[in-house]
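Below is one structure, written out as structure tokens, with a few remarks after it.
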Amino acid sequence: MQRIKVNLELIEAMLYFWQSTSEKEKVSEKYINDVTNMEGFTYVYDSEFNAESVRRALSAVTNRELFSSNNKKEGRFWNNNLWMMEDLEYTDLMVQPLKKLNLDVIVDRVKDLEESSRYDEIEVIFSPLHLEEYYIVENKLIINFFRVKPSFEDDNTYIGDLEITDYIETKIRELLKK
């Protein structure tokens, strides 16, 4: 393994969505449809949560409509998106550490593992999801953005009880063993 790439494309697209919607601008259906096809979502779609789930939830958010979810995943996704717009400063506190994330230290720690030769590159994708904390799909670690927790006591950022780089390293080791 030579590199760990951080993919924030979907988060950048959602920042636009959250900002625009919070300013009472309507986000177009085309934009929402484009978002539903981004890889941060497509890798985790299943029978309960799919492109139509994302489209319906985001349309309800931007149109300020009530949302009738078909299952817990859809309901949580809709609710999490509303939460992001309540305090865009907090959302920014979640995003900024991700933009500065340097995972070279993890490459150095795992490159000697026998399994690390399976992939030249691992991609860490941050995606606004629902119930699950993360997914592993081939050489991709998809992390639920809504689980990112900035600390108000120090400069660290956490997912669960782990500092974010420790969390990512743990999940990359899991990915390599699959």
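Figures for the structure shown
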| read-out | value |
| --- | --- |
| Centre separation in Å (Cα based) which lies between the range 145-178 and the range 3-63 | 23 |
| Within straight-line cross-link reach of K99, lysines at Cα separation under 25 Å, skipping those fewer than 8 residues along the same chain | K5, K111, K140, K149, K171 |
| Percentage relative contact order, the range 8-91, counting C-alpha pairs under 8 Å, at least six apart | 30 |
| Degrees, to the nearest 10: 88-99 long Cα axis against longest axis of the chain | 30 |
| Å² of accessible area per residue within the range 12-126, as computed with a 1.4 Å probe and no ligands counted | 53 |
| Beta bridge orientation in the chain: antiparallel %, DSSP, nearest 5 | 45 |
| Which of R109, R56 is most accessible, then next, and so on - probe 1.4 Å | R109, R56 |
| Computed over the chain: relative contact order in percent, which uses C-alpha pairs under 8 Å that are six or more apart | 27 |
| Helix 72-86 axis, angle to the chain major axis (alpha carbon atoms, nearest 10°) | 80 |
| The chain, accessible surface, carbon-and-sulfur percent (1.4 angstrom probe) | 44 |
| Taking all pairs of distinct alpha-carbon atoms in the chain, Kirkwood radius in angstrom | 17.0 |
| FRET efficiency for T42 and E163, using Cβ-Cβ distance with R0 set to 41 Å, rounded to 0.05 | 0.90 |
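The values are calculated or read from the model by the stated rules, or taken from the named source; none is laboratory data. This is a predicted model, so every value here is computed, not measured. In this analysis, Cβ positions are derived from the backbone assuming ideal geometry, glycine residues included, and neighbour counts consider all displayed protein chains. Calculation scope for accessible area: heavy atoms of the full protein, side chains included, ligands and nucleic acids excluded. Shrake-Rupley method; radii C 1.70, N 1.55, O 1.52, S 1.80 Å.
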